[in-house]
Amino acid sequence: MPPNAKLQRLHDAGVSIWLDTLSRELLETGEFAELVRDYAVTGATSNPTIFAEAITGSERYDAQLHRLAERGERDPQRLFFELALDDVRRAAHELRPIYEQSAGRDGFISFECTPDLADDTDATIAQALELWQRLAEPNVMIKVPGTTAGLPAIQELTRRGVNVNITLLFSLERYDQVIDAYLRGLAARADAGERLDEIASVASFFLSRIDTKVDARLPEDSPLRGRVAIASARTAYRRFRAKFAGPGWERLLPLGATSQRPLWASTGTKDPRYSDVLYVNELIGPEVINTMPEKTLRGFADHGEVIRTLDADPTAARATLVDADRVGIDLDAVTTALEREGVESFCASYHQLLDCIEAKLATLAPAGSVPPR
């Protein structure tokens, strides 16, 4: 079949369409390749929750887990890495032609540092470097949370030439800090005479979670319901355009530096009263990425509208945030809570995943032979 016309127009409008899931089933059944071929998908992301659902809900990983156990591997985290990194590597191979055709600007798959390290800078750097070296694919990104401890890790990993996807971003202030960390990392490489032209980075703004928390604090008839996350994203986009301009950036451009693109994450609508493609329709513009759950992707393919909306009315975004503050929405407090809740949620999924691997191991070995975590 020809590529879906709506999604192709969305891509042509400057929005890279990434799939917000990854699993061995998607890869082995050919559905992932189909989405790339027919739905204009040019990348994908994963996180602990996604892999927990993929591994715990499928038997497709059991044979590999059995082989690893027979060879004596019993550590749940190392087993998880073996299973998940194989999926990431395979997805990277599927996306490699897009990476080549886009001159390294698109065609990426992301894998996340384990969330238990979100508040440990040194451990994050060490694990990210290990994952980067093990994957050994140019179109992979390592996800680092945009926590306080994550900021120096972003700078150092960029300095070392690692592609970084900054995740769990909610706050505009934190977004400024993330861009600055990336720019400092690039500048340090430039000062050392190292290459910049093979480094890519994205900053992932989580949207629907903002509206869910803000809407709970608003009256049912408030015109601000379902609007604050979009206003935040549009404001972030304006800051992106401003940050990647001017003398400092122009110094890095001739060395091959590329801007750290904004990525709209958590774009599946959680409130059924809102359009199922709200966070796609309202955030269309050049140089951005939208990671969509498959349901949202197929919804946009059916009834999405491709109109440049992201920067069509910048004064409206500012007015929405001012109005939210005026009615008592402390957005700083909201986004701080969301960051911590995001880390805790990913940690819970990660530990659920390790528990599942231990349970599977117990069926493959004599009772009592699985070491405690």
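Listed values, structure above:
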quantity	calculated
Near pairs, Cβ below 9 angstrom, 6+ apart or cross-chain, from the range 324-339 (on the phi > 0 side of the Ramachandran plot) to any residue that is open to solvent by 60 Å² or more (accessible area, probe 1.4 Å) and outside any helix (DSSP H, G or I)	Gly328/Arg217
Pick from the range 357-366, criterion closer than 25 Å to Gly57 by Cβ, part of a loop (DSSP other than H, G, I, E, B) and open to solvent by 40 Å² or more (accessible area, probe 1.4 Å), ranking: modelled with the highest pLDDT	Thr363
Whichever residue in the range 273-297 is more than 22 Å from Ala236 (Cβ to Cβ) and out of contact with any strand residue (DSSP E or B) (no Cβ under 9 Å at 6 or more places or on another chain) and, among such residues, is modelled with the lowest pLDDT	Arg273
Entirely in the range 102-221, the strands (runs of 3 or more DSSP E) that have 3 or more residues that are among the aliphatic types (A, V, I, L, M)	140-145, 164-169
Filter result for Thr121 (open to solvent by 50 Å² or more (accessible area, probe 1.4 Å) and β-branched (Val, Ile, Thr))	no
Some residue of the range 62-85 being surrounded by 22 or more Cβ atoms within 10 Å (Cβ to Cβ), touching a residue at least 40 places away in the same chain (Cβ under 8 Å) and not in a helix (DSSP H, G or I)	no
Among (1) among the charged types (D, E, K, R); (2) open to solvent by 20 Å² or more (accessible area, probe 1.4 Å); (3) touching a residue at least 12 places away in the same chain (Cβ under 8 Å) - the single one Asp211 does not satisfy	(2)
Pair list, Cβ < 9 Å and 6+ apart or interchain, from the range 126-137 residues that are closer than 13 Å to Phe81 by Cβ and free of Cβ contacts under 8 Å to residues at least 24 places away in the same chain to residues that are in a helix (DSSP H, G or I) and not acidic (Asp, Glu)	Gln127/Leu117; Glu130/Phe81
Filter pass, Arg9 being closer than 19 Å to Asn290 by Cα and among the basic types (Lys, Arg)	yes
Residues (within 13 Å of Thr320 (Cα to Cα) and β-branched (Val, Ile, Thr)) located in the range 214-273	Val214, Val228, Ile230, Thr235
Answer from Ala324, Ala312, Ala333 - the residue that is of a type in the set (Gly, Ala, Ser), more than 20 Å from the chain's Cα centre (by Cα) and closer than 28 Å to Val41 by Cα	Ala312
Some residue of the range 349-356 being open to solvent by less than 50 Å² (accessible area, probe 1.4 Å) and under 17 Å from the mean Cα position of the chain (by Cα)	yes
Restricting the range 3-52 to residues that are farther than 16 Å from Asp86 by Cα and charged (D, E, K, R), the residue that is most open to solvent (accessible area, probe 1.4 Å)	Arg37
Positions within the range 86-108 being crowded, with 20+ Cβ neighbours inside 10 Å and in contact with an Asp or Glu (Cβ under 7 Å, 6 or more places away or on another chain), in sequence order	Ala92, Tyr99
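The values are calculated or read from the model by the stated rules, or taken from the named source; none is laboratory data. Given the structure is predicted, the values throughout are model-derived calculations rather than measurements. Cβ coordinates were reconstructed from backbone atoms using ideal geometry, including for glycine residues, and neighbour counts include every protein chain displayed. Surface areas here come from the heavy atoms of the whole protein model, side chains and all, with no ligands, DNA or RNA. Shrake-Rupley method; radii C 1.70, N 1.55, O 1.52, S 1.80 Å.
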